[in-house]
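S.K.: Structure provided below as structure tokens; questions to follow.
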Amino acid sequence: MARTARRSSGHRNALNDSTQGPSNATPSTSNPRKRKPDAFNRSEHESGQGPRKRTTTIAEMEQRTRYVDQEVIEKEWKPLPEPMQNQVKEIITAAKRVALGRTSNLRARAEADAVLERVATKLAKRVPRMPFPLQALKAPVKGGWFDGDGSGARNRALEAELRTITHAAELLKAEIAREEVRLRESRQALGRLKSEAVEETKTLEQRANNVHPVLQRLSATTNAYDGADSIGFTPSGFPDDHRSEVSDPSWESLLSHLREHLKRAQVNRRPMEGNGNPTRNPMRLRNT
């Protein structure tokens, strides 16, 4: 209204001056002042380029409007549960802190604090009565709402368990490597023993093939008790079959010495047959 009155008075003065003549015309002082361009517009005018678009560094969500019937809202929509209401209040409080932190002027900060406090109080009172769709009330995670602190604690516990299991696996791998080395050494030793056993068996077979037929027969008929009966010794003399098998004249002297030795052993054994084994009965051995 004041600006309109100024414009009308200025227009009236201009008409009066024009009727009085050009010599008495005076400039009107009631014309509105022109707005000076600010620094941003001044730089644009000086550069000769048009107005520049301001770049925004904050991501903004695209606004979407969805029209829902009032009946659907009244029947299907429900207010938020208490945990979600507390989360909404925390979000409002965090936004208020951010807005207050941007202002360094104490007076402006106090005014902003009062305004934001009133807005936050109104929103906090409105939230319990505001209806929300069922999709918003459903838990985004199976088993409850997402808990960052609980997830971090579970993550740390799983990492500690994984570290323990990894260390145990490394120890088991090292033990398996040592056991494989021992098994390899044992197999090598077993291979050497088998080869030595095969060579020893071949050597014994060669020696057995080189033995005289008489000794082969004696070794075949040898029992646990190596007595006179096991070698075919009789008091009357040697069997004819043993004498008939000896065809080498070089063995005659050896066999004659062996016969004499056996005869002496038999003669020396006769006095001891009546007393039994003197070594088993020390009293009888002492009496004799």
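Values in this text are rule-based calculations from the coordinates and carry no lab data. Note that the structure is predicted; figures quoted are calculated from it, not measured. Every residue, glycine as well, gets a Cβ built from its backbone with ideal geometry; the counts of neighbours run over all protein chains shown.
S.K.: What FRET efficiency would be calculated for the residue pair Arg187, Arg207, taking the C-beta separation as r and a Förster radius of 45 Å, to the nearest 0.05? Display every interim value, and only then the final one.
M.R.: Working: r = 30 Å, r/R0 = 0.67.
Step by step, r from the Cβ atoms, then E = 0.90.
S.K.: If you project the alpha carbons of segment 79-137 onto their three principal axes, what span does each projection cover, largest first, in Å?
M.R.: The Cα atoms of segment 79-137 stretch 44, 16, 15 Å along the principal axes, largest first.
S.K.: In whole Hz, what ³J(HN,Hα) sequence does segment 123-132 give by Karplus (6.51, -1.76, 1.60; θ = phi - 60°), x for Gly and Pro?
M.R.: 5, 5, 6, 7, 4, x, 9, 7, x, 9
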